[in-house]
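A short worksheet on the structure shown next.
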Amino acid sequence: MGKRVAIVGTGQTHHRSIRRDVNGQELIHEAAVRALKDAELTIDDIGGVVIGNMDHFEGINYVDCWSIDGSGGYLKPTIKLTTGGTTGATLAVAGYHMVASGMFEKLLVIGWEKNSESDTTGAIITCTDPIIERQFVAGAISGLALEAQAYMHRYGATPRDAARVSVRDRRHACNNPHAQLRGEITIEDVLNSPRLADPLRLLDMCPRSDGACAVVFASEDVAEKICPTPAWVLATANRHMFSDYTDVVEMSSLLSMVEASKELWQKLGIREPLKEVDVIELYQPYSWAGLIWIEDMGLCKKGEGPKLLWDGVTDMGGELPINPSGGVVATNPIGATGLIRCAEIALQIQGKAGARQVSDVKLGVATGFGGNWWTDMLAFGKKKPN
Amino acid sequence: MERVAIIGMGQTQHAAQRTEVNFPELVYEAVSLALKDAGIGIDGIDNVITTCNDFWDGRTISSMATGDVSGARGKNVSAVEGDGAFGAFYGLTRILSGAYGTTLVTAYSKGSESVPYLITNAAFDPIYMRSLGLDMVTSCALQARRYMKRYGISEEECALVAVKNRGNALANPNAHQGMRITVEDVMRSRRIADPLKLYDISPVSDGAGCIILAREDRAKKIPHRPVWVKGVSFCADAYLLGDRELSECRALEKAAQAAYKMAGIQDPRKEIDVAEISEAFTYQELLWTEGLGFCEKGGGKKLIASGATAKNGDIPVNPSGGLMGAHPVIAAGLIRILEAARQVRGDAGDMQVKKQVQLALAHGVNGVCGQSHCVWVLGRD
Amino acid sequence: MENQKKELLTIHSSIDAEQPFRWSAGRYRSRFLAEIRDHKKFFGVRCPKCRKVYIPPKRVCGPCFAEMTEPVEVGPQGEIKTFTILRFSFVDPELGTAKPVPYAFGSVKLDGADTVLTHYIDYTDESNIRIGGRVEALFEEKRTGGIRDIKHFRLIE
């Protein structure tokens with residue numbers, strides 16, 4: 001039987017569209033130092049480093065080796081994972097298993113990206129099959145547009161419904177000193193923003209950011225000595241279902257979210273997630289996902305996502321706040337983004353979320369999205385699991 | 001450490017070019033063989049770890065393309081970027097964490113689809129080093145020169161590795177190339193980057209490997225004897241070439257010491273019965289045997305010259321031919337684990353060492369000039 | 001030194017440093033492309049277990065983990081499952097130049113197939129493209145064995 005594992009410290013940079021003042025290693029270092037400070041540990045206390053980003057954004061091969069100066073992995077076990085957009089969540093899951101295995105007592109997990117260093121769209125295009133489909137697509141934007149079109153066609157949601165999601169998250173971001181875009185927007189701002197790929201407009205989409213996030217995972221042997229309120233990992237579930245984009249036929253539902261969330265709720269013994277979960281940090285790369293994927297997660301029936309938004313259920317102060325941090329449409333350093341979701345949930349559980357604190361958080365869920373319509377999910381809790 | 005075993009393994013025919021398959025199909029070959037070897041169906045696999053590298057594949061998030069062929073559908077899966085030995089480590093922890101009973105680990109690359117020196121050039125820091133045109137071969141030439149100067153090692157002494165391993169590869173049906181050569185053949189081979197000559201350098205291969213790890217209770221009803229994981233660790237040294245002493249491998253020493261401690265090994269030279277290590281270049285086998293504690297620092301040349309590391313010596317190194325026989329980058333370390341496991345099982349065919357293998361060592365490398373090492377100790381009991 | 005402006009440098013990669021690749025299509029995709037090039041026909045492959053027809057064809061059906069060997073001709077017409085019209089200018093990484101916009105592309109489910117092809121959808125009037133719309137492939141006169149041997153899909157009816 002494995003050890004119980006908790007997040008005992010987090011750190012993130014103040015995310016920006018361009019950080020010209022630091023190179024990648026220095027960016028990583030900022031987050032690492034902040035996480036160690038938060039946990040009141042030094043790098044000598046750390047048993048190993050798990051790090052990730054998306055290679056082609058910075059154009060550096062073997063990043064686990066390259067980043068040693070910044071990550072603190074010097075003469076320690078250091079390993080890299082990458083799964084595209086969901087890298088950050090994948091890293092968190094790895095942090096969990098590696099500590100639960102007993103191989104590490106305290107582990108530093110780091111996600112980072114310097115999106116400004118490359119052409120994001122161009123790099124994402126290279127994730128598609130070079131023989132069959134690379135010539136037609138336009139990065140993340142075009143793929144997501146296909147999903148939004150299919151959903152809109154099937155369930156009748158409108159761009160106005162989607163805009164309500166962006167408005168929510170941009171308002172939430174104002175409470176988050178780390179967020180990149182900290183200015184409220186209106187529905188009309190979204191609907192009048194430049195068209196990208198039907199039906200998406202600029203303000204429906206996430207920005208590209210330079211940023212890093214680091215999290216300290218610790219085993220039950222030391223977690224409670226390190227911090228008064230460890231954020232315990234309760235369960236993880238993921239589905240990387242498709243290998244070819246051409247296998248994705250029905251796009252009005254995110255199948256991996258349907259499957260992963262089923263497994264997660266079952267592991268947690270949750271029947272009504274809307275009632276039983278206190279807060280969600282949803283990896284939501286564009287506004288429409290805030291309608292579609294909350295349905296697929298089982299918060300409401302298919303087609304009823306807009307109602308949840310307009311009723312204010314997912315706003316701060318609502319029954320189940322989503323993205324109190326402002327989420328991905330406010331900040332998106334891709335390799336870090338999934339890990340930021342976990343760090344934010346940990347802060348919520350620890351009561352350290354400042355102006356974005358949701359009251360009385362006992363159970364929070366972080367998700368990751370990326371690759372070929374993949375979903376990773378982690379649930380964290382205040383109470384030490386049995 | 002809870003008892004976990006390798007219960008199945010498979011590898012492709014490694015070759016200069018496998019143009020008849022794309023990389024998912026290459027992985028499928030290895031996966032199919034591993035499942036057959038373990039005598040289980042894909043439903044017996046609880047979770048999947050893919051090891052690959054976006055640069056080598058020419059594709060961002062390349063791990064997505066091999067999900068179907070690894071039976072990832074409906075399962076929890078993940079991907080490690082780096083050498084397969086590291087991927088296998090993560091696969092191991094997913095069992096030790098209590099989450100899963102079996103893990104399928106794959107690792108692959110098709111080096112023929114790109115220009116390897118450009119791929120490895122991309123490992124160098126874009127601000128300080130990349131425009132110098134360094135790649136794996138030229139940077140390892142620097143390391144070779146430093147190591148050889150420090151301990152007075154000659155090119156002929158390094159060449160013994162090529163003679164031994166390329167000869168051993170003749171007995172390896174999966175090898176990319178095996179050849180019966182002499183030290184003179186190595187010395188006469190084309191100079192690539194002094195002191196490295198053609199035969200000092202492992203060939204870049206297209207290939208894939210797969211192993212299946214299982215918790216003890218899932219390792220019972222299998223056709224072969226289970227190969228137990230006795231110890232495993234990994235460690236990374238400093239990144240910039242000038243930030244570390246290239247004639248040493250501290251990261252390997254640390255990884256080996258930690259793995260030995262887990263396995264209860266005090267004298268590796270005596271207690272390890274066979275070792276499969278990642279020698280991308282001849283000098284590396286000498287240097288790695290020092291880091292692994294098979295001899296004292298600088299003693300690598302004497303060790304090989306003594307015949308101790310020959311197939312029927314008392315510490316055989318790379319009876320499979322090692323990387324000189326086949327070097328599918330990224331997969332290399334996983335295949336070392338596989339070959340070491342075969343020795344423990346006693347079914348390495350013509351590669352099998354004569355003595356009974358109680359403990360075997362496998363080793364993988366990530367990064368440039370052996371910056372990061374992963375060491376596995378496998379056992380019969 | 002104090003008065004020296006704090007300069008922040010950006011290091012650029014040269015185009016020469018881009019990685020050239022030669023991907024193997026493998027037997028299945030090679031056959032798929034050859035049939036388009038030589039006969040203007042679409043060939044998928046059927047899973048022996050779930051009977052789904054995959055196009056482009058591949059060796060393994062993921063959900064069944066079964067090897068597929070039965071070729072099945074599909075199309076030539078199909079249905080738009082989803083689409084979008086690209087309106088923002090971006091640099092095509094294959095060409096290194098800006099892609100002309102607007103253009104439409106989408107997922108086309110050829111008749112008889114259970115998966116979709118991704119390709120351009122040609123239109124004269126934007127309002128004519130819709131999910132569920134019927135399309136057929138238009139082939140290039142000179143075909144070389146690549147996915148661009150299909151020029152685009154055009155709306156029919």
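The values are calculated or read from the model by the stated rules, or taken from the named source; none is laboratory data. As the structure is a computational prediction, the values presented were derived from the model and not from experiment. Note: ideal-geometry Cβ built from the backbone for every residue, glycine included; neighbour counts use all protein chains shown.
What about A:Ile110, is it under 30 Å from C:Ala104 (Cα atoms) and aliphatic (A, V, I, L, M)? Criteria not met by A:Ile110.
Taking only segment C:16-69 into account, find how many residues are within 21 Å of the chain's Cα centre (by Cα) and assigned to a strand (DSSP E or B). Total satisfying the criteria: 10. C:Thr82 falls short on exactly one of the conditions (1) surrounded by fewer than 20 Cβ atoms within 10 Å (Cβ to Cβ); (2) assigned to a strand (DSSP E or B), and that condition is (1).
Answer yes if at least one residue in segment C:89-99 is within 12 Å of chain A (Cβ to nearest Cβ) and within 21 Å of C:Leu155 (Cβ to Cβ), and no otherwise. Checked segment C:89-99: no residue is within 12 Å of chain A (Cβ to nearest Cβ) and within 21 Å of C:Leu155 (Cβ to Cβ).
Criterion applied to B:Ser32, B:Ser70 was being within 23 Å of the chain's Cα centre (by Cα), touching a residue at least 40 places away in the same chain (Cβ under 8 Å) and within 11 Å of chain C (Cβ to nearest Cβ), and the one residue passing it is B:Ser70.
Condition first: assigned to a loop (DSSP other than H, G, I, E, B) and among the hydrophobic types (A, V, I, L, M, F, W, C). Now tell me which residues in segment C:107-149 satisfy that. Residues satisfying the conditions are C:Ala113, C:Val116, C:Ile129, C:Ile131.
Scanning segment A:214-245 for residues that are modelled with pLDDT of 95 or more, surrounded by 24 or more Cβ atoms within 10 Å (Cβ to Cβ) and not in a strand (DSSP E or B) gives A:Ala223, A:Pro230. Within segment B:286-335, the set of residues being assigned to a loop (DSSP other than H, G, I, E, B), among the basic types (Lys, Arg) and under 21 Å from B:Cys369 (Cβ atoms) comprises just one member, B:Lys297. Checked against the criterion of being surrounded by fewer than 23 Cβ atoms within 10 Å (Cβ to Cβ) and touching a Pro at 6+ places or on another chain (Cβ under 6 Å), the candidates B:Lys254, B:Lys302, B:Lys311 yield just one match: B:Lys311. The residue of segment A:170-201 that is nearest to the chain's Cα centre (by Cα), among those that are under 21 Å from A:Trp310 (Cα atoms) and among the hydrophobic types (A, V, I, L, M, F, W, C), is A:Ala173.
Of all residue pairs spaced 6 or more apart or on separate chains, those with beta-carbon atoms under 6 Å, a first member in segment A:36-60 that is within 23 Å of A:Val93 (Cα to Cα) and more than 10 Å from chain B (Cβ to nearest Cβ) and a second member that is part of a loop (DSSP other than H, G, I, E, B) and among the hydrophobic types (A, V, I, L, M, F, W, C) are A:Gly47/A:Phe104. A search for C-beta distances below 6 Å between a residue of segment C:21-50 that is at pLDDT 95 or above and any residue that is of a type in the set (Gly, Ala, Ser) and surrounded by 20 or more Cβ atoms within 10 Å (Cβ to Cβ), counting only pairs 6+ apart in sequence or on different chains, returns C:Phe42/C:Gly75; C:Gly44/C:Ala113.
B:Ile127 satisfies every condition listed in (1) out of contact with any Gly (no Cβ under 8 Å at 6 or more places or on another chain); (2) away from chain A (no Cβ under 13 Å); (3) among the β-branched types (Val, Ile, Thr) except (2).
Residues that are touching a strand residue (DSSP E or B) at 6+ places or on another chain (Cβ under 7 Å) and over 21 Å from B:Lys270 (Cβ atoms) within segment B:342-359 comprise just one, B:Arg345. Per the listing B:Val375, B:Val368, the residue uniquely in a strand (DSSP E or B) and in contact (Cβ under 8 Å) with a residue 12 or more places away in the chain is B:Val375. Residue count for segment A:277-294 satisfying the condition of being under 18 Å from A:Gln357 (Cα atoms) and out of contact with any helix residue (DSSP H, G or I) (no Cβ under 6 Å at 6 or more places or on another chain): 4.
Only a single item in (1) among the β-branched types (Val, Ile, Thr); (2) surrounded by 14 or more Cβ atoms within 10 Å (Cβ to Cβ); (3) more than 10 Å from chain A (Cβ to nearest Cβ) is not met by C:Thr124, and it is number (2). Pairing residues of segment A:125-140 that are more than 13 Å from A:Ser243 (Cα to Cα) with residues that are in a loop (DSSP other than H, G, I, E, B) and among the aromatic types (Phe, Trp, Tyr), at Cβ distances under 8 Å and at least 6 apart in sequence or on separate chains, gives A:Pro130/C:Trp23; A:Ile131/C:Trp23; A:Ala138/C:Phe88; A:Ala138/C:Phe90; A:Gly139/C:Phe90.
Inspect segment A:213-220 for any residue being more than 22 Å from A:Val50 (Cβ to Cβ) and in contact (Cβ under 8 Å) with a residue 40 or more places away in the chain and give the result as yes or no. Within segment A:213-220, none of the residues are more than 22 Å from A:Val50 (Cβ to Cβ) and in contact (Cβ under 8 Å) with a residue 40 or more places away in the chain.
Taking residues in segment A:189-200 that are crowded, with 17+ Cβ neighbours inside 10 Å, and partners anywhere that are assigned to a loop (DSSP other than H, G, I, E, B) and small (Gly, Ala, Ser), the pairs with Cβ atoms closer than 7 Å and at least 6 places apart or on different chains are A:Ala197/A:Ala138.
Report yes if C:Val72 is surrounded by fewer than 22 Cβ atoms within 10 Å (Cβ to Cβ) and either part of a strand (DSSP E or B) or touching a helix residue (DSSP H, G or I) at 6+ places or on another chain (Cβ under 9 Å) (or both), otherwise no. For C:Val72, the condition - surrounded by fewer than 22 Cβ atoms within 10 Å (Cβ to Cβ) and either part of a strand (DSSP E or B) or touching a helix residue (DSSP H, G or I) at 6+ places or on another chain (Cβ under 9 Å) (or both) - is met. Just one of the listed residues (B:Ala236, B:Ala208, B:Ala175) is buried (at least 19 other Cβ atoms within 10 Å of the Cβ) and within 13 Å of another protein chain (Cβ to nearest Cβ), namely B:Ala236.
Suppose the filter is more than 14 Å from chain B (Cβ to nearest Cβ), charged (D, E, K, R) and crowded, with 22+ Cβ neighbours inside 10 Å; does A:Arg271 pass it? Criteria not met by A:Arg271. Of all residues in segment A:355-374, those satisfying the criterion of being of a type outside the set (A, V, I, L, M), more than 17 Å from A:Val8 (Cα to Cα) and over 10 Å from the mean Cα position of the chain (by Cα) are A:Arg356, A:Gln357, A:Ser359, A:Asp360, A:Gly371, A:Asn372, A:Trp373, A:Trp374. Would you be able to say whether some residue in segment A:151-169 is surrounded by fewer than 23 Cβ atoms within 10 Å (Cβ to Cβ), facing chain C (nearest Cβ under 7 Å), over 24 Å from the mean Cα position of the chain (by Cα) and farther than 30 Å from C:Phe21 by Cα? Yes; the residues of segment A:151-169 include at least one that is surrounded by fewer than 23 Cβ atoms within 10 Å (Cβ to Cβ), facing chain C (nearest Cβ under 7 Å), over 24 Å from the mean Cα position of the chain (by Cα) and farther than 30 Å from C:Phe21 by Cα.
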